[in-house]
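**Q** Could you have a look at this structure, given as structure tokens, before my questions?
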Amino acid sequence: MMSKIRDYLDEQMKDSEFKAEFDALEPEFAIIQAMIDARKLRGITQKELSEKTGIAQGDISKLENGNGNPSIRTLQRLAAAMDMSLKIEFVPN
């Protein structure tokens, strides 16, 4: 299944307009993946993270599925609940 998705994505990436739009979303994808990786590294569920932050489990799910736009304050709350700190940086292209 994943190879079919990868093949489809590879084909779409040949379209410069699609690639530009996809690349523009990369920072958002990176934040989502970092949130998921951090939670899993700590070995906690979305529900447990919800209990620690006071953020509804459904809202955490939405963030992890890319259906939300978290503020820096929300990201800091999530990081603190996982005994982590939030680091945002600007890097050269």
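The values are calculated or read from the model by the stated rules, or taken from the named source; none is laboratory data. Just so you know, these numbers come straight off a predicted model, no measurement behind them. Note that we place each Cβ from the backbone using ideal geometry, even for glycine, and neighbour counts take in every protein chain shown. Remember, those area values only see protein heavy atoms, side chains included, never the ligands or the DNA or RNA. Shrake-Rupley method; radii C 1.70, N 1.55, O 1.52, S 1.80 Å.
**Q** What number of residues in the stretch 72-85 are open to solvent by 60 Å² or more (accessible area, probe 1.4 Å) and either of a type outside the set (A, V, I, L, M, F, W, C) or under 14 Å from the mean Cα position of the chain (by Cα) (or both)?
**A** Within the stretch 72-85, residues that are open to solvent by 60 Å² or more (accessible area, probe 1.4 Å) and either of a type outside the set (A, V, I, L, M, F, W, C) or under 14 Å from the mean Cα position of the chain (by Cα) (or both) number 6.
**Q** If only one of 88, 55 is assigned to a loop (DSSP other than H, G, I, E, B), open to solvent by 70 Å² or more (accessible area, probe 1.4 Å) and either at positive phi or hydrophobic (A, V, I, L, M, F, W, C) (or both), which one is it?
**A** Answer to the check: 88.
**Q** Looking at the stretch 58-71 only, could you name the residues that are touching a Leu at 6+ places or on another chain (Cβ under 8 Å) and exposed (fewer than 12 other Cβ atoms within 10 Å of the Cβ)?
**A** None; the set is empty.
**Q** Going by the structure shown, is residue 35 part of a loop (DSSP other than H, G, I, E, B) and out of contact with any Ser or Thr (no Cβ under 9 Å at 6 or more places or on another chain)?
**A** no
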